[in-house]
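Taken together, the values in this text are just the output of simple stated rules run on the coordinates, not laboratory data. These numbers come from a predicted model, not from an experiment. FYI the Cβ positions are ideal-geometry reconstructions off the backbone, even for glycines, and counts take in every protein chain you see.
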There are 2 protein chains.
Amino acid sequence: MPIESLLNHIARFVKLNADEQQVLSDHLSVKKVRKKEFLLKEGDICTANYFIVNGCFRMYFIKENGQEQIVAFGIDDWWITDYTSLETHKPSLYYIQAVEDAEVIILTKTQRDNLFDKIPMIERYFRILLQRLQGASVTRLKYLFELSAEEKYHNMNNHFPEFIQRVPQYMLASYLGITPEVLSKIRAKK
Amino acid sequence: MPIESLLNHIARFVKLNADEQQVLSDHLSVKKVRKKEFLLKEGDICTANYFIVNGCFRMYFIKENGQEQIVAFGIDDWWITDYTSLETHKPSLYYIQAVEDAEVIILTKTQRDNLFDKIPMIERYFRILLQRLQGASVTRLKYLFELSAEEKYHNMNNHFPEFIQRVPQYMLASYLGITPEVLSKIRAKK
DNA sequence: CGAAAATTTGACATGACTCAACTGGAGTGG
DNA sequence: CCACTCCAGTTGAGTCATGTCAAATTTTCG
């Protein structure tokens, strides 16, 4: 059951009783997404948080020169959304696209705010996740600033080996802020 | 009153009644910080969230070559902390230092978690701020990826002119991920 | 006023990018 | 199931934006 994987994830951070779990479940919907399908496109107003039950997504934007720049990946048990568009109701600058066939749980903003009123522990769960996400964002920034192209690749290899398997090389390069050519040459060494 | 500026800030996001405001005030302490003093140093375990009543802070780390790399600024009415260290109790990789004489409100983690239990609206306030912060982090990332040194400077000028006034040029350069020499040459043009 | 720090300026070095050609494997349609 | 196309990945040559280093100048502040 998709929803169980979310309940398990929540249980790692806060306790919900059976009632609360039921209320939560009633606020959710599940969706299968095919590889290359989009949860969000530039210009859309983002309306939901997405919990990735399984699969892999990338969040990216298009640079002036037409190149795609990936700002984030999401895999099993991660949430993904555009918080700026979601909270401001303004058109998003980003695409969120499935890199593999995937299954997601959709929690719309309306339902989410509803849940926050009914079940404070859910709000706590999101508050905790947001803290961790913010920590991760600063760490990402740190790596971008201090590491060379080669070091960024090895660092990725060490910390997130699963990505190297799951996403094509040119997406990794984009995520690391380097060109596919440079990444290819780095891998050729040794 | 320092605490009033925090109450005003909170009121922009959630409503607290007089009782709640009192309870909150009892959990806080206020501190004056002189220019160049630190709220946090590398190796410290971060223990609090800091609300900047007035003044300016920078959060930075030291790169292998010894250079300081700024990851964030904080000014009046912003919160600043190292979420990774705060939540994991591990030594921080960052320094948080006053760029100007400043006044901060200290909310320790213990007091904060206490408040979250007593006053759910405070937890909501932080959840909302964290969402905005996360949005801002992704936007920052976007600019770093898509803009040239010159564009980053002008973008900063347009979006945050107050910083150009308040922080020395070499800190701006660091924040933008360029060298002071390059920034100086950009400013010399036109 | 004097020392230390910040900024400017110029010469030079370099890591990463662009462009282009080539290779190999995956996916598709006949 | 083969043939063809397309896309990802590789490789090499040349370029460029930004970094490094060093010295001169200006500003800050005790």
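For A:ASP76, the amide hydrogen comes within under 5 Å of the amide hydrogens of A:GLY55, counting only partners 5 or more places away or on other chains and with H modelled in the peptide plane.
A simple charge model with +1 on the Cβ of Lys and Arg, -1 on the Cβ of Asp and Glu and nothing else charged puts the dipole of region B:43-190 at about 400 debye relative to its Cα centre. Farthest toward the positive end of the dipole of the protein assembly as shown, out of A:PHE51, A:TYR94, A:LEU115, is the Cα of A:TYR94, where the dipole comes from beta carbon charges about the Cα centre. Across peptide B:135-145, the average count of Cβ atoms from other chains found within 10 Å of a residue's Cβ is 6. Enter the angle in degrees (range 0 to 90, nearest 10) between the Cα long axis of helix A:149-159 and the first principal axis of the Cα atoms of chain A, meaning the one along which they spread out most. So the helix axis and the longest Cα principal axis differ by about 40 degrees. Only one residue of A:LEU129, B:GLY74, B:MET156 has its Cα farthest out toward the positive end of the dipole of the protein assembly as shown, where Lys and Arg carry +1 and Asp and Glu -1 on Cβ, and that residue is B:MET156. Once the C-beta distance of B:GLU150 and A:LYS90 is scaled by a Förster radius of 25 Å, the resulting FRET efficiency is 0.40 to the nearest 0.05. Histogrammed with a bin width of 5 Å, the alpha carbon distances of region A:1-61 distribute as 3, 13, 24, 22, 16, 12, 8, 2, 0 percent, first bin at zero. In terms of distances greater than 24 angstrom between alpha carbons, the cross-link table entries A:LYS41/B:LYS142; B:LYS15/B:LYS118; B:LYS63/B:LYS152; A:LYS189/B:LYS142; A:LYS15/A:LYS90; A:LYS31/A:LYS142 yield A:LYS189/B:LYS142; A:LYS15/A:LYS90; A:LYS31/A:LYS142.
Shielding value for B:115-123 is 2, the average number of Cβ atoms from other chains within 10 Å of each residue's Cβ. For B:PRO2, the shell of other residues with beta-carbons less than 13 Å away shows a net charge of -2, using +1 for Lys and Arg and -1 for Asp and Glu.
Using the Cβ of B:LEU129 as centre and a radius below 14 Å, the other residues enclosed give a net charge of +2, where K and R count +1 and D and E count -1.
As a length-normalised measure over Cα pairs under 8 Å and 6 or more apart, the relative contact order of chain B settles at 25 percent. Label separation (B:ASP101 vs A:ARG187): 5.8 nm, computed from points 7 Å beyond Cα along the C-beta direction.
Using 14 Å as the cut-off for backbone N distance, which residues of region B:72-104 belong to the label zone defined by a point 7 Å from the Cα of B:LYS41 along Cα→Cβ? Correct set: B:92-98.
Distance between the pseudo-spin-label points of B:ARG34 and A:ILE3 (7 Å out from Cα toward the beta carbon): 6.1 nm. With a simple spin-label model that places each label point 7 Å from the Cα along the Cα-to-Cβ direction, the separation between A:GLN22 and A:TRP78 comes to 3.5 nm. Each residue of region A:25-31 was assigned a 3J(HN,Hα) from its phi angle through the Karplus curve 6.51 cos²θ - 1.76 cosθ + 1.60 (θ = phi - 60°); the sequence is 4, 5, 8, 10, 9, 10, 9 Hz, with glycine and proline shown as x. Taken about its Cα centre, region A:87-164 carries a charge dipole of roughly 420 debye when the Cβ of each Lys and Arg holds +1 and the Cβ of each Asp and Glu holds -1. If you take all other residues with their beta carbon under 14 Å from the beta carbon of A:ILE45, and give Lys and Arg +1 and Asp and Glu -1, the sum is -1.
Over the residues of the protein assembly as shown, the helix contribution to mean residue ellipticity at 222 nm works out to -15000 deg cm²/dmol, using -39500 (n - 2.57) for each DSSP H run of at least 4.
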